[in-house]
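The values are calculated or read from the model by the stated rules, or taken from the named source; none is laboratory data. Predicted model, so just to flag it, every value in this text is computed and none were measured. Glycine also receives a Cβ, built like all others from the backbone with ideal geometry; neighbour counts cover every protein chain displayed. We work out accessible area using only protein heavy atoms, side chains counted, and drop any ligands, DNA or RNA first. Shrake-Rupley method; radii C 1.70, N 1.55, O 1.52, S 1.80 Å.
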Amino acid sequence: MAKQSEKRNLRGRAGRMKGGRGSGRAGKGAVRLWGRHAVEAALLNPARQHRKLWATHEGVESLGGDLPSGFPLEYAGPEDLARLVARDAPHQGLVLECEPLEDLHLNDVLDSDDNRPILLLDQVTDPHNVGAILRSAAAFDAAAIVTQDRHAPPEGGVLAKSASGALEKVPWVRVVNLSRALEEIAEAGYWRIGMTGEAEATLAEALPTGPVALVLGAEGEGMRANVESHCDALAKLPISEAMESLNVSNAAAIALYAIATRTAG
């Protein structure tokens, strides 16, 4: 743990929470995050508006920065914190209630001139998977992930814990229609690659030199037909015949690595 004098200042606009403790649910219009990485990243994110932090003394000491003066903090024991989170969730002595992140529009991430990939998730609903994909997206410097506003998990503690802080770092765009979003992405100059085990070409063979939008479908069902038809190419990962498929978050990580090494080369 860093010495007190070496810690960063944890930023954020502190707001008072109106509800009491022990409900196990966030207040109206709020989200509840837990775990050191998720909470610390949210505290450091200037785009977050915070309502209240419940924590053990050890939890506060584990943070990599100092809370600002007057921050709404309440010390509590591990058993009390357990009542504020999902069943058996590893809160690590920290539970933060805050406002959801502001909505982003697709144009917000398409206007940049960089060559970073965009990931589109078609009906991937497991918050653990989406959180893990966010973590890989942050690790490999993806520009954003895009999901439908329906058929996708909400912003919340399980997803944020799985993302290990990446929820605060990777733009997450929610759209009404994924096929229409793919049309806008194509107009912005991206090559759209749908990942499916039924494809003939491998991802390495399908990768172009320009910006790429990767599309991944839900496990089992895969991409819907209309979404697949809006891809410029279909590609697969060259996995062994001993396994039928990979978990969607693992597939996303491998595909992002392939793009990163292509760019580096």
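Contact annotation: residue pairs with Cβ atoms under 6 Å, 6 or more positions apart or on different chains, pairing a residue in region 148-163 that is within 17 Å of LEU43 (Cα to Cα) with a partner that is among the aromatic types (Phe, Trp, Tyr), are GLY157/TRP34. Filtering region 115-133 to residues that are open to solvent by less than 40 Å² (accessible area, probe 1.4 Å) and farther than 15 Å from VAL248 by Cβ leaves PRO117, ILE118.
Within region 195-207, can one find any residue that is more than 18 Å from ILE254 (Cβ to Cβ) and open to solvent by less than 30 Å² (accessible area, probe 1.4 Å)? No: region 195-207 contains no residue that is more than 18 Å from ILE254 (Cβ to Cβ) and open to solvent by less than 30 Å² (accessible area, probe 1.4 Å). The set of residues in region 46-67 that are among the small types (Gly, Ala, Ser) and in contact with a strand residue (DSSP E or B) (Cβ under 9 Å, 6 or more places away or on another chain) comprises ALA55, GLY59, SER62, GLY64, GLY65.
Total residues in region 77-114 satisfying the condition of being open to solvent by 70 Å² or more (accessible area, probe 1.4 Å) and polar (S, T, N, Q): the figure is 2. The residue that is nearest to GLY35 (Cα to Cα), counting only those in region 61-78 that are touching a residue at least 24 places away in the same chain (Cβ under 8 Å) and among the hydrophobic types (A, V, I, L, M, F, W, C), is LEU63.
Of all residues in region 8-58, those satisfying the criterion of being among the charged types (D, E, K, R), surrounded by 12 or more Cβ atoms within 10 Å (Cβ to Cβ) and at pLDDT below 50 are ARG11, ARG13, ARG21.
Residues that are among the acidic types (Asp, Glu) and under 21 Å from LEU94 (Cβ atoms) were ranked within region 134-179; the one that is surrounded by the most Cβ atoms within 10 Å (Cβ to Cβ) is GLU168.
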